[in-house]
């Protein structure tokens, strides 16, 4: 097995293999790569989902426009208070996320930019923005305010499947938004969903596309059925597929940031994803904040499972630790931006 330069056929073979030895070799190699590049450090992101309103009707999403759920918009002051609490707890970056909220699109994202500016300039903390598809003008405003990252997921790079998942949305418009952000000097994150009808060939194409577009953070999450959505009664996939994809990402892109998301299985899923080669914990959320996650909107939040303290405890048992913010900034500037 060529450890770091898999062909499309080799990726498919690994994904389809039921031999535990194949997975074990993949994960061991992924951990070796991570250790060689960043030692015992694991990065950690605080998650502030400050508006759950969305104009889109994605078939897989709990927050889709037509789902009759209770929603919220947090004020600028509330969002900053949550961000500050997360920063004080020890996260390395704040991920500012919103649905494609019609209010923000109408108001040219002035509030969003103000939040970014305060976190970056006053709190001295890197920022990822996840506002969905926005205009080049808005991307410029967020970048000028200090945003380091633009996260925008295709979920699949099979255009037909994309159309079934993201109803009424344009594949190229979504792709071109993140390519513009990249060309404007921002780091970009790309992501895919596992278990939404994709083939192993589709996954291989997605993994290779991530490298082609220069994504410096690559994410995979297993599909979780959402109440009230058209895919509510679909099955969630066996997690072995997500873990293999994490291992393949690490092998293909040794320096990339690859999340272990607490949004899929909560804190109980952290160890397996780190063991598969992830080097980043995402979806750390302050307890009792009223903030929601995405795949699991409330799992482990108010019980304190999605905190730096709990993640640090698990990492400590694995001989790992949460990186300092300075270490993350150095990695971002010296490794990812080179």
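Which of the residues that make up segment 50-83 are over 30 Å from residue 197 (Cα atoms) and assigned to a loop (DSSP other than H, G, I, E, B)?
Of everything in segment 50-83, those that are over 30 Å from residue 197 (Cα atoms) and assigned to a loop (DSSP other than H, G, I, E, B) turn out to be 72, 74, 75.
For segment 221-321, which helices (runs of 4 or more DSSP H) that fit wholly inside it have 3 or more residues that are modelled with pLDDT of 95 or more? Step through it out loud before you land on a result.
Details: elements: 239-252, 262-265, 270-275, 308-317.
Answer list for segment 221-321: 239-252, 270-275, 308-317.
Go through segment 322-338 and give me each residue that's surrounded by 12 or more Cβ atoms within 10 Å (Cβ to Cβ) and either assigned to a strand (DSSP E or B) or touching a residue at least 40 places away in the same chain (Cβ under 8 Å) (or both).
Applying the first criterion (surrounded by 12 or more Cβ atoms within 10 Å (Cβ to Cβ)) to segment 322-338 yields 322-325, 327-333, 335-336.
The answer is 322, 323, 324, 325, 327, 328, 329, 331, 332, 335, 336.
Looking at (1) under 30 Å from residue 118 (Cβ atoms); (2) outside any strand (DSSP E or B); (3) within 20 Å of the chain's Cα centre (by Cα), which is the one condition that is false for residue 47?
That leaves (2) as the condition not met.
Kindly evaluate residue 86 against the criterion of being exposed (fewer than 15 other Cβ atoms within 10 Å of the Cβ), touching a strand residue (DSSP E or B) at 6+ places or on another chain (Cβ under 8 Å) and either assigned to a helix (DSSP H, G or I) or modelled with pLDDT under 95 (or both). Break it down into steps so the answer makes sense when it comes.
Values: exposed (fewer than 15 other Cβ atoms within 10 Å of the Cβ): no; touching a strand residue (DSSP E or B) at 6+ places or on another chain (Cβ under 8 Å): yes; either assigned to a helix (DSSP H, G or I) or modelled with pLDDT under 95 (or both): yes.
It is false that residue 86 is exposed (fewer than 15 other Cβ atoms within 10 Å of the Cβ), touching a strand residue (DSSP E or B) at 6+ places or on another chain (Cβ under 8 Å) and either assigned to a helix (DSSP H, G or I) or modelled with pLDDT under 95 (or both).
So for segment 116-127 (the condition being closer than 22 Å to residue 190 by Cα and assigned to a helix (DSSP H, G or I)), does at least one residue qualify? Explain how you work it out, then say what you get.
First pass over segment 116-127, keeping only residues closer than 22 Å to residue 190 by Cα: 116, 125-127.
So of that shortlist, the ones also assigned to a helix (DSSP H, G or I) come out as 116.
Looking through segment 116-127, at least one residue is closer than 22 Å to residue 190 by Cα and assigned to a helix (DSSP H, G or I).
From the list 42, 94, which one is surrounded by 15 or more Cβ atoms within 10 Å (Cβ to Cβ), free of Cβ contacts under 8 Å to residues at least 60 places away in the same chain and within 30 Å of residue 337 (Cα to Cα)?
Numbers: 42 fails: free of Cβ contacts under 8 Å to residues at least 60 places away in the same chain.
It is 94.
What number of residues within segment 15-35 are under 30 Å from residue 321 (Cβ atoms) and either in contact (Cβ under 8 Å) with a residue 40 or more places away in the chain or outside any helix (DSSP H, G or I) (or both)?
8
All but one of (1) part of a loop (DSSP other than H, G, I, E, B); (2) closer than 30 Å to residue 169 by Cβ hold for residue 91, so report the exception by its number.
(2)
Going residue by residue through segment 106-120, is there one that turns out to be more than 20 Å from residue 54 (Cβ to Cβ), out of contact with any helix residue (DSSP H, G or I) (no Cβ under 7 Å at 6 or more places or on another chain) and either surrounded by 19 or more Cβ atoms within 10 Å (Cβ to Cβ) or touching a residue at least 40 places away in the same chain (Cβ under 8 Å) (or both)?
No: segment 106-120 contains no residue that is more than 20 Å from residue 54 (Cβ to Cβ), out of contact with any helix residue (DSSP H, G or I) (no Cβ under 7 Å at 6 or more places or on another chain) and either surrounded by 19 or more Cβ atoms within 10 Å (Cβ to Cβ) or touching a residue at least 40 places away in the same chain (Cβ under 8 Å) (or both).
Residues in segment 24-39 that are buried (at least 22 other Cβ atoms within 10 Å of the Cβ) and either out of contact with any helix residue (DSSP H, G or I) (no Cβ under 9 Å at 6 or more places or on another chain) or within 24 Å of residue 91 (Cβ to Cβ) (or both): how many? It would help to see each step written out before you state the result.
To start, the set of residues in segment 24-39 that are buried (at least 22 other Cβ atoms within 10 Å of the Cβ) comprises 26, 30, 34.
When the remaining residues are screened for being either out of contact with any helix residue (DSSP H, G or I) (no Cβ under 9 Å at 6 or more places or on another chain) or within 24 Å of residue 91 (Cβ to Cβ) (or both), the result is 30, 34.
Of the residues in segment 24-39, 2 are buried (at least 22 other Cβ atoms within 10 Å of the Cβ) and either out of contact with any helix residue (DSSP H, G or I) (no Cβ under 9 Å at 6 or more places or on another chain) or within 24 Å of residue 91 (Cβ to Cβ) (or both).
So in segment 198-216, with the set limited to residues that are within 16 Å of the chain's Cα centre (by Cα) and outside any helix (DSSP H, G or I), which one is farthest from residue 9 (Cα to Cα)?
Out of the qualifying residues, it is 216.
Taking the residues in segment 208-229 that are out of contact with any strand residue (DSSP E or B) (no Cβ under 8 Å at 6 or more places or on another chain) and buried (at least 17 other Cβ atoms within 10 Å of the Cβ) as candidates, determine which candidate is farthest from residue 294 (Cα to Cα). If you could, list the steps in order and put the result at the bottom.
Taking segment 208-229 and keeping what is out of contact with any strand residue (DSSP E or B) (no Cβ under 8 Å at 6 or more places or on another chain), we get 208, 211-212, 224-229.
With the extra rule that they be buried (at least 17 other Cβ atoms within 10 Å of the Cβ), the set shrinks to 224, 226, 229.
Numbers: 224: 10, 226: 10, 229: 13 Å.
Restricting to residues being out of contact with any strand residue (DSSP E or B) (no Cβ under 8 Å at 6 or more places or on another chain) and buried (at least 17 other Cβ atoms within 10 Å of the Cβ), the top hit is 229.
The values are calculated or read from the model by the stated rules, or taken from the named source; none is laboratory data. Predicted model, so just to flag it, every value in this text is computed and none were measured. Heads up, the Cβs are rebuilt from the backbone with ideal geometry, glycines too, and the neighbour counts pull from every protein chain shown.
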